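K.L.:
First, the structure itself, so that you have it in front of you.
The values are calculated or read from the model by the stated rules, or taken from the named source; none is laboratory data. Predicted, not measured: the structure shown is a model, and the values here were computed from it. Here the Cβ positions follow ideal geometry from the backbone for every residue, glycine too, while neighbour counts run over all protein chains shown.
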Amino acid sequence: MIIQRAALHILDLTSDLFLPSRIELDVGNPVTAEYLGKHLEKILGEGRANRGIFSEISWFRKELEAFRAGREAFLDFSEDIARRFYEEITESNSETSFDLVVTEFLEEGFPFFGLLLLDHHTGYTHVVENSRQGPAPKLIRNHAILPGESQKINCFALVSEEDLEIRYVDRKLEVNGEPVMLLADRVLQCAPEMSNRNILVAMEKITRKVAEEFGDNAGTRLAKAKNYMVENAEHSQTISPRELGEAVFRDHPGMEASFRDKVDQAELPDKAVVEPAVAMQKGKNQKIRTDTGIEITFPSEYYENPEFIEFINHPDGTISISLKNIGKIISRL
């Protein structure tokens, strides 16, 4: 990743202060580069992120195109964005103050435009005052602590400058008693699509529902669905809910048809873009819990490998689970 430029603007609702920066952040500074770089890397792989496309009336798209064409300077564009954020937030019921980082960066050679809304948190630090007896440390409360490197940013947007595709996590506000989405409705003005993780979760829920509807083993079918997600992610950045259903219920046409109907009812896309890392993480393990309270977590690829785990259906309707080739059992507290 190469961070090309960035600006930080202060949106202080506590003091009713909008303080736009007229100087770019020094992205060559190790502290700045590390802080922004770690957060950008994290949100690039964020499974919660929705995808979106700009509406025809989006002011942001028009301004971004002017910036890309060289008709507007980076600091002027970033200040316009920050002012839009500030005006929308001050009209809402929000009592939180923010810093807004606007940045342009390259990821694997592709240009992105990023907006990171950083919540202010209250924390404590020390100051040292001089006294007659010498240095006098004291504790003070700081109301503008930013999210740490390991914390998630709860509102952000990344816009590909190649194809204007948007990835974002939004913030819900209340304006005049009505709920609005800060990014989708007010700042970016875009139409949202379902997030990576929500698409995968929706397919899991439909798989479980179909299996239970036909009195089948939901755990086995879910393991098969997760294994499909992992195998698909190894060679593709898109996933087809219908093709997953065909793979999971190939042996039962009625269940496959029911899965297909439920996918249509849920309005899942024919093909969805899902980052491989998100699919691999979501699909690598299967967790099941029996009605006797026993929980088992196992790699999804083991579901159909009887050398490691086997599900045995008995005539009385009960199920046995056989774990095999175990060389060592580790007890974890």
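K.L.:
Please work out which one of (1) within 21 Å of GLY215 (Cα to Cα); (2) touching an Asp or Glu at 6+ places or on another chain (Cβ under 8 Å) is the condition PRO276 fails and give its number.
P.N.:
The one condition PRO276 does not meet is (1).
K.L.:
From the set of residues in the range 293-333 that are outside any strand (DSSP E or B) and of a type in the set (Asp, Glu), which is farthest from GLY215 (Cα to Cα)?
P.N.:
Here the answer is GLU307.
K.L.:
Does ARG61 satisfy the criteria of being surrounded by 14 or more Cβ atoms within 10 Å (Cβ to Cβ) and either in contact with a strand residue (DSSP E or B) (Cβ under 9 Å, 6 or more places away or on another chain) or in the same structural domain as VAL180 (by TED's automatic domain parsing) (or both)?
P.N.:
yes
K.L.:
Follow-up. If we keep just the residues of the range 281-302 that are out of contact with any strand residue (DSSP E or B) (no Cβ under 8 Å at 6 or more places or on another chain) and exposed (fewer than 11 other Cβ atoms within 10 Å of the Cβ), which is nearest to SER331 (Cα to Cα)?
P.N.:
That would be ILE294.
K.L.:
Same structure again: Just the residues that are of a type outside the set (S, T, N, Q) and either in contact with a Cys (Cβ under 6 Å, 6 or more places away or on another chain) or in a helix (DSSP H, G or I) (or both), please, taken from the range 87-106.
P.N.:
GLU87, GLU88, ILE89, listed by residue number.
K.L.:
Separate question: How many residues does the range 131-150 hold that are in contact (Cβ under 8 Å) with a residue 24 or more places away in the chain and either farther than 26 Å from GLY52 by Cα or in a strand (DSSP E or B) (or both)?
P.N.:
5
Here's the yes/no breakdown for (1) exposed (fewer than 13 other Cβ atoms within 10 Å of the Cβ); (2) under 17 Å from SER150 (Cα atoms); (3) in contact (Cβ under 8 Å) with a residue 12 or more places away in the chain; (4) not assigned by TED's automatic domain parsing to the domain that holds VAL169:
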{"site": "LEU36", "(1), (2), (3), (4)": "no, yes, yes, no"}
{"site": "PHE54", "(1), (2), (3), (4)": "no, no, yes, no"}
{"site": "SER78", "(1), (2), (3), (4)": "no, no, yes, no"}
{"site": "ARG83", "(1), (2), (3), (4)": "no, no, yes, no"}
{"site": "GLU88", "(1), (2), (3), (4)": "no, no, yes, no"}
{"site": "GLY114", "(1), (2), (3), (4)": "no, no, yes, no"}
{"site": "THR125", "(1), (2), (3), (4)": "yes, no, yes, no"}
{"site": "GLU129", "(1), (2), (3), (4)": "yes, no, no, no"}
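K.L.:
Select from the range 151-193 the residues that are outside any strand (DSSP E or B) and out of contact with any strand residue (DSSP E or B) (no Cβ under 8 Å at 6 or more places or on another chain) and list them in ascending order.
P.N.:
Result: GLN151, LYS152, ASP163, ASN176, GLY177, ASP185.
K.L.:
Next question, about the same structure. Among the listed residues ARG71, ARG84, which satisfies the condition of being modelled with pLDDT of 90 or more, of a type in the set (Lys, Arg) and in a loop (DSSP other than H, G, I, E, B)?
P.N.:
On inspection, the qualifying residue turns out to be ARG71.
K.L.:
What residue, of ARG260, ARG250, is among the charged types (D, E, K, R) and either outside any loop (DSSP other than H, G, I, E, B) or surrounded by 17 or more Cβ atoms within 10 Å (Cβ to Cβ) (or both)?
P.N.:
Being among the charged types (D, E, K, R) and either outside any loop (DSSP other than H, G, I, E, B) or surrounded by 17 or more Cβ atoms within 10 Å (Cβ to Cβ) (or both) holds for just one of ARG260, ARG250, which is ARG260.
K.L.:
Right, next: Being farther than 26 Å from PRO179 by Cα and either buried (at least 17 other Cβ atoms within 10 Å of the Cβ) or in contact with a strand residue (DSSP E or B) (Cβ under 9 Å, 6 or more places away or on another chain) (or both) is the filter here; which residues of the range 90-108 pass it?
P.N.:
THR103, GLU104, PHE105, LEU106, GLU107
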